[in-house]
Amino acid sequence: MKEQHRYSLGCGFAWWVIHIFFRPFECVELAVLGSVDDRIAEFSERAEGLASWLLDEVGNDALVYRVEGKRVSIFAVLEASEPRVKEWMFRLIEVVVARDPGEPSRRYADLYCLMLGWQLHMAVVAQTYLDGFHAENAGIRNDVASPFIQWLREALEDACRTYKSCSSEDLLRDERVLGTYEALAADWRRAVDETLARYLGAPTSCA
């Protein structure tokens, strides 16, 4: 049962990665975002299938946790993790600020490329992680994940060439960019493990 909890939390934090993508762009004026706005809308459409599938995997009524002495669902546990997920977003924003791309429209275009690259990195990480479970029906369905990952590769390449005049490979050659992706992937795995330990580790917890 503990591995089922771990698998469901992995799906939940993978969903968080997709969901947090939109946050930096939500309150930005359309005039500043420009054509990036259309790309964000397309991302939303392309990510919908995988995001819905991940939520379906999370939604297991048999998985009960204990928060402040009360029995709660996995969704309450994931909601409590939002501050940590926001920190991932802020660390990506810091990379853009350090690169100082100039006017706001260029900063948001740069951030879009960086966030899209992170989505690709984390989609591969999450797929490998979830596919490692040997429980029945565990692992991301290939017909859901593969088209999204392929689209991310193509969209990232196009965005890099359009907004940064470089290839996606050039973006990943930046040590700070790749280092941030790898550090966030490591923290993503820790988030699953630490959340599991926090809500299931105590003797009074329900497994």
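The values are calculated or read from the model by the stated rules, or taken from the named source; none is laboratory data. Because the structure is a prediction, the values reported are computed rather than measured. FYI the Cβ positions are ideal-geometry reconstructions off the backbone, even for glycines, and counts take in every protein chain you see. What goes into the accessible areas is simple: the full protein's heavy atoms, side chains included, and nothing from ligands, DNA or RNA. Shrake-Rupley method; radii C 1.70, N 1.55, O 1.52, S 1.80 Å.
With respect to the numbered conditions (1) in contact (Cβ under 8 Å) with a residue 12 or more places away in the chain; (2) open to solvent by 50 Å² or more (accessible area, probe 1.4 Å); (3) over 23 Å from GLU194 (Cβ atoms), which one is the sole condition not fulfilled by ASP56?
The number of the failed condition is (1).
The rows are residues; the columns are (1) in contact with a Phe, Trp or Tyr (Cβ under 8 Å, 6 or more places away or on another chain); (2) of a type outside the set (A, V, I, L, M, F, W, C); (3) under 30 Å from GLU175 (Cα atoms).
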site	(1), (2), (3)
PHE25	yes, no, yes
VAL28	yes, no, yes
LEU54	yes, no, no
ILE74	yes, no, no
ALA80	no, no, no
PHE90	no, no, yes
ALA98	no, no, yes
LEU114	no, no, yes
GLY117	yes, yes, yes
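Only residues in the range 142-165 that are under 20 Å from ILE18 (Cβ atoms) count as the first member; pair them with residues that are open to solvent by 80 Å² or more (accessible area, probe 1.4 Å), Cβ under 7 angstrom, at least 6 apart or cross-chain, and list the lot.
The qualifying pairs are PHE148/ARG46; TRP151/ARG46.
Given the conditions (1) open to solvent by 30 Å² or more (accessible area, probe 1.4 Å); (2) in contact with a helix residue (DSSP H, G or I) (Cβ under 9 Å, 6 or more places away or on another chain); (3) over 20 Å from LEU156 (Cα atoms), report the number of the one that GLY69 does not fulfil.
Result: GLY69 fails condition (2) only.
Among (1) buried (at least 18 other Cβ atoms within 10 Å of the Cβ); (2) under 22 Å from THR128 (Cβ atoms); (3) at pLDDT 95 or above, where does VAL36 come up short?
(2)
Could you say whether any residue in the range 22-30 is among the β-branched types (Val, Ile, Thr), surrounded by fewer than 21 Cβ atoms within 10 Å (Cβ to Cβ) and either modelled with pLDDT under 90 or in contact with a helix residue (DSSP H, G or I) (Cβ under 7 Å, 6 or more places away or on another chain) (or both)? So that I can check it myself, show each step before the final result.
From the range 22-30, those among the β-branched types (Val, Ile, Thr) are 28; that's our starting set.
Still in the list and also surrounded by fewer than 21 Cβ atoms within 10 Å (Cβ to Cβ): 28.
Checking which are either modelled with pLDDT under 90 or in contact with a helix residue (DSSP H, G or I) (Cβ under 7 Å, 6 or more places away or on another chain) (or both) leaves us with 28.
Yes, the range 22-30 has at least one match.
Out of VAL77, VAL95, VAL32, VAL28, report the one residue that is in a loop (DSSP other than H, G, I, E, B) and touching a residue at least 12 places away in the same chain (Cβ under 8 Å). Working first, answer last.
Values: VAL77 fails: in a loop (DSSP other than H, G, I, E, B); VAL95 fails: in a loop (DSSP other than H, G, I, E, B); VAL32 fails: in a loop (DSSP other than H, G, I, E, B).
Selected residue: VAL28, the only one of VAL77, VAL95, VAL32, VAL28 that is in a loop (DSSP other than H, G, I, E, B) and touching a residue at least 12 places away in the same chain (Cβ under 8 Å).
Among the listed residues LYS70, LYS86, identify the single one that is charged (D, E, K, R), closer than 25 Å to GLY12 by Cβ and touching a Lys or Arg at 6+ places or on another chain (Cβ under 8 Å).
On the way: LYS70 fails: touching a Lys or Arg at 6+ places or on another chain (Cβ under 8 Å).
After applying the criteria, what remains is LYS86.
Please state which of the following conditions CYS113 fails to meet, knowing it meets all the rest: (1) modelled with pLDDT of 95 or more; (2) open to solvent by 10 Å² or more (accessible area, probe 1.4 Å); (3) of a type outside the set (Asp, Glu).
The single condition CYS113 does not satisfy is (2).
Counting only residues that are touching a Phe, Trp or Tyr at 6+ places or on another chain (Cβ under 9 Å) and within 17 Å of ARG39 (Cβ to Cβ), which one in the range 152-179 is most open to solvent (accessible area, probe 1.4 Å)?
TYR163
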